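Working notes for the structure below.
Just so you know, all these numbers are worked out from the coordinates, no wet-lab data involved. Only a predicted model underlies this, so the values are computations on that prediction, with no experimental measurement involved. Counting neighbours? That spans all protein chains shown, and the Cβs are built from the backbone with ideal geometry, glycine included.
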Amino acid sequence: MKEFHNPSFINTSEAFSLSVFISNDTLIIPFIGLNIMLNNPFTATEGYLDFSYYIFEKVSSFRVESESTKIIGKHSQESNPIRTENIIVGGFNEEFSGAEIEIMFSNSFLFLPDDVKYSKFPFVPKDYPLMEANMNMHNVHIFFSLVDAPDIVKNKLANNYWTITV
């Protein structure tokens, strides 16, 4: 498992996600096709990662907003957020729609499985109007369910979490 602290080289706007997992003051978003920009630590070019987990810790508040939904969460314990980030999630549902999440937090991490794949071309989990799927749907569902998530990801949820599906 590779770990990057407070990554500044990722773009979530074209990535695919299905759910946001929340436990205590931790928020985890599994992404498929996360875009990595030029200042990334892997390669000299921009590209995409097949599977990744974007994790926010010491979250003091978050707001999920889409065309039809608005959810606001505040953590009951005091914490001193030092960063605010707005990210795009979703795109895996039937409407291909997503939501924007604003997160106030202290730490963020990008976790990559040991067998993560990099490509100059997007990873597409299912057929879309302008793109054909190029991934195994069974593997996609297993990834989004967290069944085979690395222990470090599962431990952050501590079997006590709730989910927002986008």
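Points to keep in mind about this one:
- Among Tyr48, Tyr118, Tyr54, a tally of other beta-carbon atoms within 10 Å of each Cβ gives an order, fewest to most, of Tyr118, Tyr48, Tyr54.
- Tail fraction, Cα-Cα pairs, the chain, threshold 30 Å, whole percent: 11
- When the helices of the chain are scored as -39500 (n - 2.57) per DSSP H run of n ≥ 4 and the total is divided over every residue, the value at 222 nm lands at -2500 deg cm²/dmol.
- In the range 98-166, GluC sites (Glu not before Pro) in a DSSP loop with at most 15 other beta-carbon atoms within 10 Å: Glu132
- Simple label model, 7 Å out from Cα along Cβ direction - Met37 to Thr84, nm: 1.9
- A crude spin-label estimate for the pair Asn11 and Arg63, with each label 7 Å from Cα along the Cβ direction, gives 2.5 nm.
- Rg/Rh (Cα only; Kirkwood hydrodynamic radius) as it applies to the range 109-166: 1.01
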